[in-house]
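**Q** Handing you this structure, nothing more for now.
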Amino acid sequence: MLALDWGFVLEKLILIISIVSVSLVIAMYETYAERKVAAIIQDRRGPNRAGPFGILQPLADGLKLFMKEEIIPNTSNKMLFVLGPCLAMLTAMMTSAVIPWGDRIHFTLFGLDRYISLQIADINIGILYIFGVVSMGVYGIMIGGWASNNKFSLLAAMRGASQVISYELPMGLSLIALLMVTGSLKMSVILGQQLDGWYNVVHQPLGFFIFLICAFAECNRTPFDLPEAENELNFGYHQEYSSMKLGFYLFAEYINMFISSAVMVTLFWGGYDIPFLNDAEAVKNIGYNLMAVFQGLVLFGKILLFVFLFMWVRWTIPRFRYDQLMNLGWKGLIPLGLLNMVITAAVVLWLTK
Amino acid sequence: MESLTSRAKLVERKPMTWVEKLYMWNIMKGMLITFRHIFKKKATISYPEEKRAFSPVFRGLQILNRDEEGRENCTACGLCAVACPAEAITMEGAERKPGEEHLYREEKYAAKYEINMLRCIFCGLCEEACPKDAVYLSETFAPANYQRKGFIYGKEDLLIPHPKTNPEEYKKALGNRAKNKQQQN
C-alpha cells in the first residue's frame, strides 16, 4: 500500500462530496427562492402548484432542462463549446474549498479518535486563492462567447468579461485593506480573530461595502446583469446553448451567488461564529459535534440572509447601462478602494505606534 | 409662455449633488419600499379554487337554449353560421317527426350542431344573429384539452340543462338572462 494517510484522504473526500452536493441542492432551491421572493415583493404568490407550496418546482425545472434537445452548432468549436459551461461550473464550486464550514467534529466511531476540521483546505493563501479562482471565471464567459462562432455572442462575451474583470480590481483593493487589519491570508486565522473580537465589518465598513458591490458585479446580478439581459433579448454569450449546458451556466450563477455570500460572511461577518456566545466555553459544555451542528446552522442562516439581500436588491433597482457600469467600476470604486486602503493603513500605523 | 392652468409645475433640472450621485440613499429608500410590499395583501386569485366574478355581458362559451317547457329553440336556420366571422359553426337540419313535439319547438330542428372552439373568437355575432333566442354566450371559459377533437363541441355539450328535470342547473346556466327575460316579460 502507498504510504498515504488513508483516513485523511477518506475524510477529505467525504467532506468534498457533501459540500458539493449541499451547494447543488442549495443552488437548486435558490432558483425557487428567487421566484418566491420576486413574487412576494411584486404582490403576487410565486410557484405554489408543484408539491406543497411549490417545493418540487426546481425538480420540474431541472427535468425540463434535461428533456430539451441538446444542440451543438455545426460551425462551432465543439470541444470549447462543451468546455465553456463546465469551466463556469468548476470555478463556481472550487471556491468552496477554502471556506470554513464549522469548527471541528470529534469522530469517535469504529474505535477511532480523530478531530476532523470542516474546512477542506486550510491553505495559507486562503483569500488569494479565492481571488484567483474568481478571476478564472472570466474564462467561462469568454469561451462561451468564442465557441458559439457568432459575432454577436463574441461581442456580448467581451462586454460580460470586461464587466467581471473591471470589478475584480476594487475587490482586490478591499481585500488588501482587510489583510492590513487581519495580518494573515489564512481563512481560519481571519475567522479566529473574529471569534474572539469584533466582526471585521466593524473594522472595515467601507471595505465591506465595496466588496458587496463587487460581489454583485461578479455574480452578474442586477443591477449589473447586463450579460443576462443580452442573453434574453439578442445574441448573448449563452444564446446558442440549450438544455443542460445552458442549465450549467444558469446554475453556475446561483452557485456563485451562494459561494460569494459564504465568502462575505466568512470574511466580514464572523462565519460560523454564534453571536453573543463564547464558543470555547460552549464547546466544553456540549461537545464538538453538537457545536459543529449549531455553527453550521448559524453559518447557513447568515448566508441565507445575504442571499435574500441579493434577491431583494435585484427586484428593487433597474439595471445599469454599460457606460454607467464601467464608470462606477473604474472611476468610482477603485478610488474608493484606494482611499479605504490609505485610511486603513493610517489607522493601523497610528494604533500600533 | 403663459401657462393655461395653475396646476403646471415647473420642472427642476438641477445637477445631482455629490451625495445624490452616490445613489445609496435612493437605493435604500427603494429597498424599503420593496420590503414593505412583502407584507401587503397579494393580488393573486388562486384559480381554480377562487374564481373571478365576470360582468353580465361577458362573452364566454355558447349555450343552446330551450324554452320553459324544455323544447329546443334552434331551428337550424343557419343565420349564426353565416354571421360567424371565423366560420366556426356547422349544422345539419332534420324534420320533426310526429312523436317528438315535446323535444323541439318547430318543425325543423338541428340534428347536428357543432362549434369549433379553436376557431371561435367569442365575438357574439351568432347571439345577435339568432332569430329564435337559441344561442347565447354564457359566462364560462372553454377548458383546456389535450387533443384537437376535444375542442369541437357538439349539440350535447352546448345544450342548456332541461328546465323540468334539472331546474337548478337550468337556472344557473341561464344566469343573467333570466333577469333580462323577466324584465322583457
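The values are calculated or read from the model by the stated rules, or taken from the named source; none is laboratory data. Note that the structure is a prediction, hence the values are computed from the model and not measured. Positions of Cβ are backbone-derived with ideal geometry, glycine not excepted, and every protein chain shown enters the neighbour counts.
**Q** Scan segment A:279-287 and give yes if some residue there is in contact (Cβ under 8 Å) with a residue 12 or more places away in the chain, within 17 Å of A:GLN193 (Cβ to Cβ) and surrounded by 15 or more Cβ atoms within 10 Å (Cβ to Cβ), otherwise no.
**A** Checked against the condition, which is being in contact (Cβ under 8 Å) with a residue 12 or more places away in the chain, within 17 Å of A:GLN193 (Cβ to Cβ) and surrounded by 15 or more Cβ atoms within 10 Å (Cβ to Cβ), segment A:279-287 yields at least one hit.
**Q** Then there is this: Would you please name the residue that is modelled with the lowest pLDDT, looking only at residues in segment B:164-176 that are part of a helix (DSSP H, G or I) and surrounded by 12 or more Cβ atoms within 10 Å (Cβ to Cβ)?
**A** B:ASN176
**Q** Starting from residues that are out of contact with any helix residue (DSSP H, G or I) (no Cβ under 8 Å at 6 or more places or on another chain), farther than 14 Å from A:PHE8 by Cα and in a loop (DSSP other than H, G, I, E, B), keep the ones in segment A:72-124 and report whichever is modelled with the lowest pLDDT.
**A** Only one residue fits best here, namely A:THR108.
**Q** I want to confirm something. Restricting to segment A:121-141 and keeping residues that are surrounded by 19 or more Cβ atoms within 10 Å (Cβ to Cβ) and without any contact (Cβ under 8 Å) to a residue 60 or more places away in the chain, which single residue is nearest to A:TYR322 (Cα to Cα)?
**A** If we take residues in segment A:121-141 being surrounded by 19 or more Cβ atoms within 10 Å (Cβ to Cβ) and without any contact (Cβ under 8 Å) to a residue 60 or more places away in the chain, then A:VAL138 is nearest to A:TYR322 (Cα to Cα).
**Q** What's the number of the condition B:PRO161 fails, among (1) outside any helix (DSSP H, G or I); (2) at pLDDT 80 or above?
**A** It is condition (2) that B:PRO161 fails.
**Q** List every residue pair whose Cβ atoms lie under 6 Å apart, where the two residues are 6 or more positions apart in sequence or sit on different chains, the first residue falls within segment A:34-46 and is within 8 Å of chain B (Cβ to nearest Cβ) and of a type in the set (A, V, I, L, M), and the second residue, located anywhere, is surrounded by 17 or more Cβ atoms within 10 Å (Cβ to Cβ) and part of a helix (DSSP H, G or I).
**A** Between residues of segment A:34-46 that are within 8 Å of chain B (Cβ to nearest Cβ) and of a type in the set (A, V, I, L, M) and residues that are surrounded by 17 or more Cβ atoms within 10 Å (Cβ to Cβ) and part of a helix (DSSP H, G or I), the close pairs are A:ILE41/B:THR34.
**Q** Could you tell me how many of the residues in segment B:125-158 are among the β-branched types (Val, Ile, Thr) and modelled with pLDDT of 85 or more?
**A** 2
**Q** While we're on this one: Restricting attention to segment B:16-71, which residues are over 30 Å from A:PHE308 (Cα atoms), within 14 Å of chain A (Cβ to nearest Cβ) and either touching a residue at least 24 places away in the same chain (Cβ under 8 Å) or aliphatic (A, V, I, L, M) (or both)?
**A** B:MET16
**Q** Looking at segment A:47-64 only, could you name the residues that are within 25 Å of the chain's Cα centre (by Cα) and either part of a loop (DSSP other than H, G, I, E, B) or within 12 Å of another protein chain (Cβ to nearest Cβ) (or both)?
**A** Of everything in segment A:47-64, those that are within 25 Å of the chain's Cα centre (by Cα) and either part of a loop (DSSP other than H, G, I, E, B) or within 12 Å of another protein chain (Cβ to nearest Cβ) (or both) turn out to be A:ILE55, A:LEU56.
**Q** When you check B:LEU125 against the structure, is it over 14 Å from B:ALA81 (Cα atoms), hydrophobic (A, V, I, L, M, F, W, C) and surrounded by 13 or more Cβ atoms within 10 Å (Cβ to Cβ), yes or no? Break it down into steps so the answer makes sense when it comes.
**A** Values: over 14 Å from B:ALA81 (Cα atoms): no; hydrophobic (A, V, I, L, M, F, W, C): yes; surrounded by 13 or more Cβ atoms within 10 Å (Cβ to Cβ): yes.
When the stated conditions are applied, B:LEU125 does not pass them.
**Q** OK, next. I need every pair where a residue in segment A:295-313 that is within 14 Å of chain B (Cβ to nearest Cβ) has its Cβ under 8 Å from the Cβ of a residue that is surrounded by fewer than 16 Cβ atoms within 10 Å (Cβ to Cβ), sequence separation at least 6 or different chains.
**A** Once the first residue is within 14 Å of chain B (Cβ to nearest Cβ) and sits in segment A:295-313, its partners that are surrounded by fewer than 16 Cβ atoms within 10 Å (Cβ to Cβ) give A:MET311/A:ALA38; A:TRP312/B:PHE35; A:VAL313/B:ILE27.
Table: residues versus (1) surrounded by 17 or more Cβ atoms within 10 Å (Cβ to Cβ); (2) within 15 Å of A:SER188 (Cα to Cα).
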position: A:SER260; (1), (2): yes, no
position: A:VAL263; (1), (2): yes, yes
position: A:LEU290; (1), (2): no, no
position: A:VAL298; (1), (2): yes, no
position: A:LYS302; (1), (2): yes, no
position: A:PHE306; (1), (2): yes, no
